[in-house]
Amino acid sequence: MPVRLPDLPELLRRGAAARDAIPPRARVGLAALSTLVLATIILLLVFDWNWLRGPLAGAASARLGRPVAIEGNLNVHPWSLRPRAEIHGLRIGQPSWAEGDMARVERLAVQVELPPLLLGRVVMPYVEIRRPDVSLLRLADGRANWSFGSGKGGAKLPAIRRFIIDEGRLKLDDRRRKSTFEGTVYTDERTVGPRRGVFALRGEGRLNGEVFRAEVTGAPLLNVSPSRPYPFDADVRAGATRILAKGSITRPFDLGRFDTSLTITGADLNDLYGLTGLALPNTPPYRVSGQLRRERTRWIFGKANGRIGDSDIAGDLSVETRGERPYLEADLRSRRLDFDDLASIFGGAPSRARGEAASADQQAVGARLAAERRIFPDATLQVDRIRAMDAKVKYRAEAVNAPRLPLRRVALDLALKDGVLTGDPVSVSFSRGTLAGTARLDASGARPRTDVDLRLTGARLEDWITTRFAGEPVIEGQMAARAKLTGYGNSVRAAAGSATGSLTVVAPSGELRQAFAELLGVNISKGLILLLSESPKRSKVRCAVADFRVKDGVARANRIVVDTDVVLVKGEGTVNLRTERLDLRFEGESKKPRLLRLFVPITVNGPFTRPGVDLETGNALAQGGIGVALAALVNPLVAILPFVEPGLAKDANCAALIAEGKRKGAPVKTAR
């Protein structure tokens, strides 16, 4: 059956009836609501958004803690699922402790997608920053104008699908790190050509006076989603330093979480301070790769491996930035350490031989030290950097390349806290013997202080005095030593030049080629004949002691005595750590009658790097006084031997010498 539609008069009649059914008050309310909606629409269409510049700037000022002003137009386009706002002439001032402006932006335009916003996600289809001029400042006390009380976990930016920075200028004055930068920043997203669709953020300028370039590239921003990682590549060059990264931001663009493979190359790890704020040691040229991961305030560089100078390096390290100072923790190892690479740590230079890794600056330092015949470098300790971080580092070297030293392994446990660097233990293993102890650098005060207490135990003379004759070592036997020194100054040279303490070397027993024993006193009748005849005859070294007292950088011989079967040798003189020169004199007395003898003192003078050995031919020494010399030798042994190695006075042949001295009337006291 067809449906009959009501005609127009019927519709009007029904509408009037429905209107009459609504209570009068309800009809008034509906009319008012309709009028309000219509007025709001008309108001929004004709509203001048510039009226809100003052209130918006005031709210931003209160939130940021510094003056904010909108000096140009404020334009808002709300009638869209992607509303858009533009701010012209944005100015952000400095905090109260600084002057001028932190930032000026000619035009800032942002757009937001409403549907994701209703689900609690912020997606920005468009962000444009035109001609920003930003000045970043950090004072020596750590106050930074870019800190808005948001913590140190990294900026959390929304997903941005088109990001434009046009003609940006950036200036940095970091007085805490003593770093400066001035340059430009801009973005580029190509829509044509071989790199079509690639987004790039670029910066260039000068960092601490050296050329700086940075480029971060990634996938097109158009398809960015907060739920998918965003892949990126980075290439940063600062002077001789280059950083290459390939990774992803876990949740775009939460910069507090990302994971990337990283390769760093450069002339000196210490140069990374301006980029990282970490006080890394001076090193030869390096190349290190690993996996860098950021977890808010924690940076983790795992599976690191590479080379520093001619030494390999591997391990893991992490940096926690949540506290007042960065805290570095590292566990590092080398399969083979090239010993001369360690010279750079103390401001010196690695070997300058062909094929050795050294930067141009380090080669210049090495050339200067060689020309001046010096060992101790005078590079200034960067105490402000040491005070700016804490650290705990473990390092082990399984093998050591040191052609002139019998080194085998190195073990260091370092702790840096409140400007005090402690090495405990510091351990160096030789083919036979170990040098172990503690070292402490206190840079917390106005004048850095260095304390060293090291013992050499279980060593052998033939490993250190490598001279051979007819294929046999000239000297063999046990050796022990101890150095306990305190020095002041901000360089190795200054600390050595002010050192005070003691240095003692003891050979409690051994054997010496008799020809050389005789020649210790230059016994012409015996020593030369034995040498010419290549006699293999050997003499016993009953005890040898070299004991120095150090004051103001000058080590003065308290006692130098070498007692053998045939000759007793006494020495005197100084080792000057300030001028790096030796001034020593040795004279010997025969214990047996000689038909022809002429004992001539031997002198050792000159710089540490090339001392000269001469004979004092002006005077011949009379034989005699052996008892007195023996007493002079054994008298200090009771105090010296326990200082070097506990138990040595009891077990070594020096103890027998003490007993012999007592029998001959030497005024000594035995150790307990």
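The values are calculated or read from the model by the stated rules, or taken from the named source; none is laboratory data. Source: prediction; values computed, not measured. Backbone-built Cβ (ideal geometry, glycine too); neighbour counts: all protein chains shown.
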Of those in segment 550-588 that are assigned to a loop (DSSP other than H, G, I, E, B) and at pLDDT 90 or above, the residue surrounded by the fewest Cβ atoms within 10 Å (Cβ to Cβ) is Asp552
Result of the Cβ filter at 7 Å on segment 161-180, keeping first residues that are closer than 18 Å to Val105 by Cβ and partners that are among the acidic types (Asp, Glu) and part of a strand (DSSP E or B), at least 6 apart or interchain, is Ile164/Glu128; Arg169/Asp133; Lys171/Glu182
Cβ pairs under 6 Å, 6+ apart or interchain, first in segment 385-404 and at pLDDT 95 or above, second surrounded by fewer than 15 Cβ atoms within 10 Å (Cβ to Cβ) and not in a strand (DSSP E or B), ordered by first then second residue, are Glu398/Arg335; Ala399/Arg336
When every residue in segment 416-427 that is surrounded by 15 or more Cβ atoms within 10 Å (Cβ to Cβ) and touching a residue at least 24 places away in the same chain (Cβ under 8 Å) is compared, the one farthest from Ile386 (Cα to Cα) is Val426
Out of (1) closer than 26 Å to Met389 by Cβ; (2) surrounded by fewer than 16 Cβ atoms within 10 Å (Cβ to Cβ); (3) modelled with pLDDT of 95 or more, the one Pro281 does not meet is (3)
Residues of segment 327-350 being surrounded by fewer than 20 Cβ atoms within 10 Å (Cβ to Cβ), of a type outside the set (D, E, K, R) and in contact with a Gly (Cβ under 9 Å, 6 or more places away or on another chain), in sequence order, are Ala330, Leu332
Those residues of segment 55-73 that are under 26 Å from Leu117 (Cβ atoms) and within 49 Å of the chain's Cα centre (by Cα) come to a total of 12
Practice prompt. Check whether at least one residue in segment 363-373 is more than 30 Å from Gly612 (Cβ to Cβ) and outside any strand (DSSP E or B), and report yes or no.
Written response: no
Flagged in segment 145-186 as basic (Lys, Arg) and assigned to a loop (DSSP other than H, G, I, E, B), in numbering order, are Lys152, Arg161, Arg162, Arg175, Arg176, Arg177, Lys178
Thr450 meets each of (1) at pLDDT below 95; (2) assigned to a strand (DSSP E or B); (3) under 25 Å from the mean Cα position of the chain (by Cα) with one exception, condition (1)
May I ask you to verify whether Thr486 is surrounded by fewer than 17 Cβ atoms within 10 Å (Cβ to Cβ), within 20 Å of Arg549 (Cα to Cα) and assigned by TED's automatic domain parsing to the domain that holds Asp563? yes
Subset of segment 221-247, residues out of contact with any strand residue (DSSP E or B) (no Cβ under 7 Å at 6 or more places or on another chain) and either small (Gly, Ala, Ser) or buried (at least 17 other Cβ atoms within 10 Å of the Cβ) (or both), comes to Ser227
Within segment 250-261, identify whether any single residue is free of Cβ contacts under 8 Å to residues at least 24 places away in the same chain and either part of a strand (DSSP E or B) or of a type outside the set (Lys, Arg) (or both), and answer yes or no. yes
(1) surrounded by fewer than 18 Cβ atoms within 10 Å (Cβ to Cβ); (2) of a type outside the set (Ser, Thr, Tyr); (3) over 30 Å from Val365 (Cβ atoms); (4) out of contact with any Leu (no Cβ under 8 Å at 6 or more places or on another chain) all hold for Asp259 apart from (4)
